[in-house]
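Everything below concerns the one structure shown next.
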Amino acid sequence: MDRPASIIFIHGASSSGKSSLARGVQAKIDQPFWHISIDHLRDAGVLPSARITSGEFKWRDMRRPFFDGFHQSLAAYAHAGNSLIVEHILDTPGWHEDLIALLAPFDVFFVGVQCSLAELVRREQARGDRPIGSAEQDFNTIHRGLRYDLEISAELDANDNVERVISAWKTRTAPSAFLECGYAPNQNASRTTTN
């Protein structure tokens with residue numbers, strides 16, 4: 001391994017544009033990065049979604065081990081030397097603390113994606129693949145008490161935001177704001193389509 005793994009951790013509400021930002025950064029940054037998200041796992045058919053939807057399996061029983069495994073996998077990928085762009089929503093008590101412990105050995109750059117409530121609601125309705133109300137619930141809770149290495153507005157030009165992330169990542173200083181605790185999660189344990 002030529003250099004230790006880096007992690008660009010993109011945090012924002014459902015429908016705030018995390019995926020588009022992550023794809024843009026991956027396409028332009030001058031090092032190889034994996035783009036990792038819960039949506040990738042869901043869309044690949046990792047979960048028995050039809051059987052969850054039918055009620056045969058209970059998502060509430062599966063949720064904790066699913067996310068524990070996801071979080072531990074991020075550390076495993078990075079320990080193997082893979083740099084990551086992670087998009088996630090820290091919406092559950094203990095997740096931030098767990099990830100601090102798991103990712104402490106790595107260079108984590110914490111990006112907060114901010115978006116107005118009106119725009120989040122508009123995007124959520126236009127997408128049609130998210131539980132209505134998730135974006136508003138996130139808007140009211142997930143950024144509370146957090147400090148970021150960089151904050152961007154999802155309502156600004158997407159290409160400009162990509163360039164801002166890459167430029168700020170290249171000039172970052174340690175320690176990362178990610179290693180600081182303190183947030184108020186929304187405790188929405190019923191989602192299956194997003195975190």
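Structure data summary
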| item | result |
| --- | --- |
| Extension gain, Ala177 back to Lys58 (0.36 nm per residue minus Cα-Cα distance, nm) | 39.3 nm |
| Set of lysines near Lys28 by C-alpha distance (under 27 Å), chain-local residues within fewer than 8 positions excluded | Lys18, Lys170 |
| Highest-fluctuation residue, Asp149, Asp39, Asp30 considered, GNM on the chain with Cα pairs under 10 Å | Asp30 |
| Footprinting exposure proxy for Leu146, Leu41, Leu103 (fewest neighbouring C-beta atoms within 10 Å first) | Leu41, Leu146, Leu103 |
| Order of His11, His40 - criterion: other Cβ atoms within 10 Å of each residue's Cβ, fewest first | His40, His11 |
| Alpha-carbon Rg with Dmax, taken over the chain, Å | 16.2, 50 |
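A short reminder: the numbers here are calculations on the coordinates, not readings from a lab. Given the structure is predicted, the values throughout are model-derived calculations rather than measurements. Counting neighbours? That spans all protein chains shown, and the Cβs are built from the backbone with ideal geometry, glycine included.
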